[in-house]
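**Q** Let me begin by handing over the structure; questions about it come next.
The values are calculated or read from the model by the stated rules, or taken from the named source; none is laboratory data. Fair warning: this is a prediction, and the values are worked out from it, not measured in the lab. Note that we place each Cβ from the backbone using ideal geometry, even for glycine, and neighbour counts take in every protein chain shown.
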2 protein chains.
Amino acid sequence: MASDEFSLIERYFRQPSNRAVPTQGLRLGIGDDAAVSRVPAACLLVQTIDTLISGRHFPATAKPEDVAYKVLSVNVSDLVAMGAKPWTFLLALTLPDTDKNFLEGFSKGLFAAANDYSIDLIGGDTCRGDLSITIQANGLVPDGCYLERAGAQPGDHIMVSGSIGLAALGLALEQGRIGMDITAAHTCLNALHRPRARTDLIVLLREFASAAIDVSDGLIADLGHVLQQSGVGARLFLDDLDLHPYFSEHDAHSMALNGGDDYQIVFTVPSRNLEGLLDTVTEQGLDVRAIGEIVDDGYQLITQHKAVDLLAHSEFAGGYNHFVA
Amino acid sequence: MASDEFSLIERYFRQPSNRAVPTQGLRLGIGDDAAVSRVPAACLLVQTIDTLISGRHFPATAKPEDVAYKVLSVNVSDLVAMGAKPWTFLLALTLPDTDKNFLEGFSKGLFAAANDYSIDLIGGDTCRGDLSITIQANGLVPDGCYLERAGAQPGDHIMVSGSIGLAALGLALEQGRIGMDITAAHTCLNALHRPRARTDLIVLLREFASAAIDVSDGLIADLGHVLQQSGVGARLFLDDLDLHPYFSEHDAHSMALNGGDDYQIVFTVPSRNLEGLLDTVTEQGLDVRAIGEIVDDGYQLITQHKAVDLLAHSEFAGGYNHFVA
């Protein structure tokens, strides 16, 4: 019974949390048929699920630590986009075998991310098969404070966090399609393999935003979901984006805007909230900037030379879609 | 964009529920970064996750309707074992391609099961890869009423629902290892491919049971988890089990007791609750029977001829374990 499912869970996943506080509201964690917890009074439960598959979402050669860190980040990023604080998660891990090195690295990366995000593993399932990891994350948000995609209104400002397109550069570097000096390359590869979900923005989003989404499929595609669900249009100003110099040097802006895997947050802010938002951004030194405005309809990218109709130009409006070859 | 991820979700998974009532507490369902819901006052949240993989948990030739029905049943069965009522679920579906026939059948089976169990799909993720389905199910239980594996006490009666071993017979039939007349075979194959989680037992379990587990890895292995986590032993009476005649005719009791995939519930009942339980069982015509007793230590199977020490006999104490070849 050296490497069976139960001792595997026991050994690698029932680690004591290295956080000082016990999980809020947890009654029963790993080791029963299901986990039992109590959602704190006046809070809503926010739930997301995401799968990463070896060879598709990460290369088979990726470090197990990074794979674990990324899959939790991807899920936490969805919680952030709802204005929800990370709370607990369940892990469904499919493994080809009980490779000790993989499990040690994976466990290390998973608990590092869990610690960074203050989220606790409360249950899971393991089975044998090609490497695939599904995480279901639970977040909490005070009633009345969650954000949805459908909340944008004409006149709202469009804001984005961080630098869009770094993960796309990381992928191109890894595939040998581009070259870069080693320090810059490290930043881009890190953005691809070990993205950091923007939990630092949760309170800001709750207080000032009207709609939000995380950038997983590319800025244009993801903002497009907000527009569609809000029934509005948008004008984006290319020069207002904080893009890596590579994109201008190589006239490769569509690579940044459609790259995906950024896990930054794009959100909208009503005019009445803009001053308060910008004050908070300055006070806290956050990397958040205005990049456009919500309008009645249409979807345009304004560059120095022209206005590109994003609805008509597939090279700009592509995005990543799992079922388009 | 005929078969992309978004239209796929829209077409096959955003079906209007065919149940008359809206999902309790749901604020935001499929189509945003995450689902938002409110756990009803005085209820605890019960959460489980399970993956089924093609070629491992079901044959590649299984009907998509059955695959969907089974994966939801497997998850709901875990909720039942906690005394929790099914509430909502999230689906992570990995598909090799957007096969219309598969998706239509899968969607049909999924919503049939969702309807049978009064559980609603509120979110999910789709990606491309070898067929694998993960469901994360959420259940509700009044505070103070959930069951855990650790609750069994010496003197408790051991009860089980239904007939154990039918799924094992179904598997043997399907693999051509045994033969059977067509009506009997149909029952066993149905038990294997389209198990019905025992939601009819939830209220009974909450009222009378001290510990419970669902039989997924085999009766002996699963009851073993209860014993281990409760720090007790057990004596099981083989003749009290409602086994299919095949097992006696072929002296194949270990096949029934270790077969797994039954999704029946094995549970313990304190003596003071036995009369009430049996009255309810009779009143409601439930297929629940006493099969043994909890003792201080040891794990014995009592047959007509002998007492088998289950801790020493691997042919009886095997169970299904995903990481033992």
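**Q** Starting from the stretch B:7-23, keep only residues that are hydroxyl-bearing (Ser, Thr, Tyr), then list their pairs with residues that are modelled with pLDDT under 75 whose Cβ atoms are within a distance under 8 Å, requiring at least 6 positions of separation or different chains.
**A** B:Ser7/B:Met1; B:Thr23/B:Ser17
**Q** Picking from A:Val74, A:Val21, A:Val46, which residue would you name as being over 23 Å from B:Pro40 (Cβ atoms) and at pLDDT 95 or above?
**A** Residue meeting the stated conditions: A:Val74.
**Q** Here is a follow-up. Give the stretch A:229-248 a look and list any residue that's within 20 Å of A:Pro154 (Cα to Cα), more than 14 Å from every other protein chain (Cβ to nearest Cβ) and surrounded by 18 or more Cβ atoms within 10 Å (Cβ to Cβ), or say none.
**A** Answer for the stretch A:229-248, where residues must be within 20 Å of A:Pro154 (Cα to Cα), more than 14 Å from every other protein chain (Cβ to nearest Cβ) and surrounded by 18 or more Cβ atoms within 10 Å (Cβ to Cβ): A:Val232, A:Gly233, A:Ala234, A:Leu236, A:Leu238.
**Q** Considering the stretch B:159-208 alone, what residues qualify as being part of a helix (DSSP H, G or I), within 16 Å of the chain's Cα centre (by Cα) and β-branched (Val, Ile, Thr)?
**A** Across the stretch B:159-208, the qualifying residues are B:Thr199, B:Ile202.
**Q** Look through A:Gly165, A:Gly144, A:Gly105 and report the one residue that is more than 9 Å from every other protein chain (Cβ to nearest Cβ), touching a residue at least 12 places away in the same chain (Cβ under 8 Å) and surrounded by fewer than 24 Cβ atoms within 10 Å (Cβ to Cβ).
**A** Criteria check complete, one pass: A:Gly105.
**Q** What are the residues in the stretch B:56-93 that are within 9 Å of chain A (Cβ to nearest Cβ) and without any contact (Cβ under 8 Å) to a residue 40 or more places away in the chain, if any?
**A** Passing the criteria: B:Arg56, B:His57.
**Q** Kindly list the number of the only condition in (1) among the small types (Gly, Ala, Ser); (2) crowded, with 24+ Cβ neighbours inside 10 Å; (3) within 10 Å of chain A (Cβ to nearest Cβ) that fails for B:Gly124.
**A** Unmet for B:Gly124, out of (1) among the small types (Gly, Ala, Ser); (2) crowded, with 24+ Cβ neighbours inside 10 Å; (3) within 10 Å of chain A (Cβ to nearest Cβ): (2).
**Q** May I ask you to list the residues in the stretch A:168-214 that are under 24 Å from A:Pro142 (Cα atoms) and among the hydrophobic types (A, V, I, L, M, F, W, C)?
**A** A:Ala197, A:Leu201, A:Ile202, A:Val203, A:Leu204, A:Leu205, A:Phe208, A:Ala209, A:Ala211, A:Ala212, A:Ile213
**Q** I've got another one for you. For B:Ile30, which of the numbered conditions (1) surrounded by 19 or more Cβ atoms within 10 Å (Cβ to Cβ); (2) touching a Lys or Arg at 6+ places or on another chain (Cβ under 9 Å); (3) among the β-branched types (Val, Ile, Thr); (4) more than 20 Å from B:Ala168 (Cα to Cα) fails to hold?
**A** Status for B:Ile30: all satisfied but (1).
**Q** So which pairs qualify, if the first residue must be in the stretch B:113-134 and touching a residue at least 60 places away in the same chain (Cβ under 8 Å) and in a loop (DSSP other than H, G, I, E, B), the second must be of a type in the set (Phe, Trp, Tyr) and surrounded by fewer than 24 Cβ atoms within 10 Å (Cβ to Cβ), the Cβ gap must be under 9 Å, and the two must be at least 6 apart or on different chains?
**A** B:Leu131/B:Phe102
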